[in-house]
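Colleague: Before we start, here is the structure in question, set down as structure tokens.
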Amino acid sequence: MCGLAGIFHYADPDRPVDRAVLTRMTRALAHRGPDGEGFHVDGPLGLGHRRLAIVDLSPAGAQPMPLDDGAFVIAYNGELYNHQRFRDALEARGERFRGHSDTETLLRWVARRGPDVLADAAGIFAFALYDREQRRLTLARDPMGVKQLYLHDDGRRVVFASEIKALLECPDVPRRLDPDALNEYLHFHTPLFERTFLADVKQVRAGEYVNYAAHGPRARRYWSVDDFTPRGGTAESNVAALREILQDVVGEQLMSDVPVGSFFSGGIDSTAVAACAVRAGVRPRCFGVHFTGQGVIDERPYQESAAKALGLDLELITLDGSTFPEDMSRLLFMQDQPVIGHAMIPMDAVARLASSKVKVCLGGQAADEVFGGYARYALAHPLRVAAQFASPSRLVERVQARLHRAPGAGGTPGAPAVGGNLWKQLTERRTLDRIARNLRKGPSALLRWDERYFDNFTKVPEAAWAGVLSDPRVLSRSRAREVFRDTLAASAATDPADKLMHWDQQTYLTGLFQQDDRMSMGHSLESRVPMADPRMVRFAFQSGFGLKFREGASKWILRRAVADVIPQEVLTRRKVGFDTPAEAWMKGKHRDFVFDTLTRQRARERGLWDAPGMARWLDNTSDPLWFDVTWKALCVELWATLTLDGGFTRYSTAGAAAPMVE
């Protein structure tokens, strides 16, 4: 895992690259690659690379990496987990390799076959590949968008990089807010598809490559989820198939010449990944974060129970929020733009802890979005889900659960029960409050599954945002709803639940991956996500609603697949996500920081906020939506200070106070 940057004068082949700008862009990514730096300049093309050495630590793995004759050169960020398959095929045709890195495999594979072969790739990556003879640059991103690649195209030249901050080292990249991106963030927690918060900076879309030549850019999608046909077979045969695929995927993702650790939340997904690593012969050191006595769920008992069951060493870190103001500016600089939510705080802390011991960590991200881990997906089939709790078989299941027998396992004694967590999610106070708010909107909230989901996901009513915003360009519920409906309509899925999960896979999940990338790579740590492997994703989308929501459990099929290696209390606990005390910090000891940031003169002059409305909102801390609105407003204002105002050209991650380590 590394960082890449580059410049290509595609319409002016005689114009040389500005080496000073390329150097600044590359060194802005030094945190992504502390193990080496390299440059390749060839007329109108310049590539820069910062290396985090994971596979083939020798000079043979250094980048940018040219092909033998210099006809092709690549700058690559990522891992190609199934590269040995392609290497074997190339060697059978007489190809000779200099080293054993997946970078060299990818270079030779794509150079010989073209970028459409990426449809067979199982990996996380973004790369720039230059064909010197054709004067063609290919920019590509992995199927699920786990890694990012940003660009600014002025019509004659494209500059590109792993992070937006590197592009801003190029002085003629404009710093203009994209109103549609902000509107999407307010509604969906992230800018969508190719958008970023900057109007003149785009990103290569997940599963896409873009060719730049004299004629300009041409984008092509090489991978997408397009088959939602249930595969058939019994529930138990599908469980067994998933268990095998997950084990194979985790085994491949242990590919490394340095020690591999594991993020460990004490939830099903991260525990399952760590368990598969143990089965593959690797005992990863586990790292987690928790909050004790701060008004949120304390993960520590679950983390310790799961680690003990697997026989793994566990290191935990806790935060008290004392450095919250400093952390917010630092993390938003690392993240490049507001995206997703306050999970960035614990993600940063656990990445800092892990990076002191390992270079690579496995995690459980993406399982909820593709296997149906969120209760909100039940809104697609509320009657089918309700029947699971009202039917006589549900009573039988409760009895079996008492006896530690799994209903889906034919009543086999000793098999762990997996049901019940969905009821815990659906009956939470905040879930019931949100359902009640949506029901007050009229018949459409009851009759249309897409409207139910949209209102549940966007959460904050348009009127609440209108009360704190003054710029009409940045708020439009109708534009957000149109994007949502158009994306659902374009999906090949026919089942409403599949359509909703497909929406999240294309939108919310890519935002989550951006946050994961920045928080980990900000500490020179590679984060791997086995649950987002294309083979896992395709399997999930061919599983059908009945295998995801079953016997009172969400993501039932995944729970059953790992039920034999996960403690019962972890297996049946409700979904909690990365909960933090950020709301309490913002209402309590850091209230002045929040108030000052959002009401200071610069914020009033920005033109985004309605100053009287914002002041009234900040004072109304009893409003149930106070945190949702205030968190996003705070992130946007801090981002604007950093990026639009040029508040920081660089922000050291080394200066922040270290959290308490246990």
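Colleague: Would you mind getting me the FRET efficiency between residue 88 and residue 449? Use the beta-carbon distance for r and R0 = 60 Å, nearest 0.05.
Modeller: Computed FRET efficiency for residue 88 and residue 449: 0.80.
Colleague: Can you check what the net charge comes to around residue 216, using other residues whose Cβ is under 13 Å from the Cβ of residue 216 (Lys, Arg +1; Asp, Glu -1)?
Modeller: Computed value for this residue: +2.
Colleague: Take the alpha carbon gyration tensor of region 181-223, find the square roots of its eigenvalues, order them as a ≥ b ≥ c, and report rounded if a/c is under 1.5; if not, report prolate when a/b exceeds b/c, else oblate. Intermediate results must be reported in sequence, preceding the final value.
Modeller: On the way: a/c = 4.83, a/b = 1.86, b/c = 2.60.
In terms of gyration-tensor shape, oblate.
Colleague: Between residue 589 and residue 15, what is the label-to-label distance in nm when each label sits 7 Å out along the Cα-to-Cβ direction?
Modeller: 5.3 nm
Colleague: Right, here's the next one. Let me make sure I get this right: for region 536-595, a, b and c are the square roots of the gyration tensor eigenvalues over alpha carbons, sorted descending. Under 1.5 in a/c it's rounded, otherwise prolate if a/b > b/c, else oblate. Which is it?
Modeller: prolate
Colleague: So, one more: May I ask you to order 599-610, 558-569 by the average number of other C-beta atoms within 10 Å around their residues, highest value first?
Modeller: Packing proxy ranking, top to bottom: 558-569, 599-610.
Colleague: My understanding is that a pair violates if its Cα-Cα distance is over 21 Å; which of 589/632; 499/548; 165/202; 147/202; 147/555; 459/632 do that in this structure?
Modeller: 147/555
Colleague: For residue 485 and residue 119, what does the FRET efficiency come to when R0 = 25 Å and r is the distance between their Cβ atoms, rounded to the nearest 0.05?
Modeller: So the FRET efficiency works out to roughly 0.30.
Colleague: Can I ask one more? Order of 319-332, 171-184 by packing, highest average Cβ count within 10 Å first? Could you put the intermediate results ahead of the total?
Modeller: Working: 319-332: 18.9, 171-184: 17.4.
Final packing ranking: 319-332, 171-184.
Colleague: Also, quick follow-up: Once the other residues with Cβ under 13 Å from the Cβ of residue 311 are scored (Lys, Arg +1; Asp, Glu -1), what is the net sum?
Modeller: That works out to +2.
Colleague: If you don't mind, there's one more thing I want to ask. Multiply the residue gap between residue 599 and residue 96 by 0.36 nm, knock off their C-alpha separation, and tell me the result in nm, one decimal place.
Modeller: So the chain would gain 174.8 nm between residue 599 and residue 96.
Colleague: Further question on the same structure: Determine the principal axes of the Cα atoms in region 50-203, then give the extent along each, sorted from largest to smallest and rounded to whole angstroms.
Modeller: Per principal axis, max minus min of the Cα coordinates gives 53, 31, 28 Å.
Colleague: Let me ask something else about it. In the chain, how does Rg compare with the Kirkwood Rh, expressed as the Rg/Rh ratio over alpha carbon atoms?
Modeller: With Rg and the Kirkwood Rh in hand, the quotient comes to 0.95.
Colleague: Below 14 angstrom from the Cβ of residue 602, what's the summed charge of the other residues (Lys, Arg +1; Asp, Glu -1)?
Modeller: Taking every Cβ under 14 Å from that of residue 602, the sum is -1.
Colleague: Please give the direction-averaged projected area of the C-alpha convex hull for region 4-49, in square nanometres with one decimal.
Modeller: The directionally averaged projection comes out at 2.8 nm².
Colleague: Nearest 0.05, what FRET efficiency do residue 219 and residue 292 give at R0 = 56 Å with Cβ-Cβ as r?
Modeller: On the way: r = 48 Å, r/R0 = 0.87.
My answer for the efficiency is 0.70.
Colleague: A further question on this structure: On the accessible surface of the chain, probed at 1.4 Å, how many percent belong to carbon and sulfur atoms?
Modeller: With neighbouring chains kept in place, the figure for the chain is 52 percent.
Colleague: Calculate the tail of P(r) for region 553-635: the fraction of all Cα-Cα distances greater than 19 Å, expressed in %.
Modeller: 53 percent
Colleague: Would you mind computing Rg(Cα) / (2.2 N^0.38 Å) for region 1-118, counting N as its residues?
Modeller: Details: Rg = 14.7 Å, N = 118, 2.2 N^0.38 = 13.5 Å.
Ratio of Rg to 2.2 N^0.38 Å for region 1-118: 1.09.
Colleague: Another one. Ordered by packing density, taken as the mean number of other Cβ atoms within 10 Å over each peptide's residues, highest first, how do 451-457, 311-317 rank?
Modeller: 451-457, 311-317
Colleague: Measure out, as a whole number of angstrom, how far apart the alpha-carbon centroids of region 595-648 and region 4-65 sit.
Modeller: Going from one Cα centre to the other spans 38 Å.
Colleague: Another question, then. Rolling a 1.4 Å sphere over the protein heavy atoms, what is the accessible area per residue of region 322-375, to the nearest Å²?
Modeller: On the way: 990 Å² over 54 residues.
On a per-residue basis, 18 Å².
Colleague: Given region 142-207, report the % of alpha carbon pairs whose separation exceeds 19 Å. Display every interim value, and only then the final one.
Modeller: On the way: 676 of 2145 pairs.
Everything past 19 Å amounts to 32 percent.
Colleague: Could you give the distance between the Cα centres of region 488-510 and region 325-366, to the whole Å?
Modeller: Region 488-510 and region 325-366 have Cα centres separated by 27 Å.
Colleague: Could you work out [θ]222 nm for the chain from helices alone, using -39500 (n - 2.57) per DSSP H run of at least four and dividing by all its residues? Round to the nearest 500 deg cm²/dmol.
Modeller: -12000 deg cm²/dmol
Colleague: Given region 111-181, what whole percent of its Cα pairs are spread farther than 17 Å?
Modeller: 55 percent
Colleague: Once fully extended, how much extra length lies between residue 356 and residue 69, figured as 0.36 nm per residue of separation less the alpha-carbon to alpha-carbon distance?
Modeller: 99.3 nm
Colleague: Alpha carbons only, please: Rg and Dmax for region 234-277, in angstrom.
Modeller: Cα only, region 234-277: 12.2, 41 Å (Rg, Dmax).
The values are calculated or read from the model by the stated rules, or taken from the named source; none is laboratory data. Given the structure is predicted, the values throughout are model-derived calculations rather than measurements. Cβ coordinates were reconstructed from backbone atoms using ideal geometry, including for glycine residues, and neighbour counts include every protein chain displayed. Heavy atoms of the whole protein, side chains included, go into the accessibility calculation; ligands, DNA and RNA do not. Shrake-Rupley method; radii C 1.70, N 1.55, O 1.52, S 1.80 Å.
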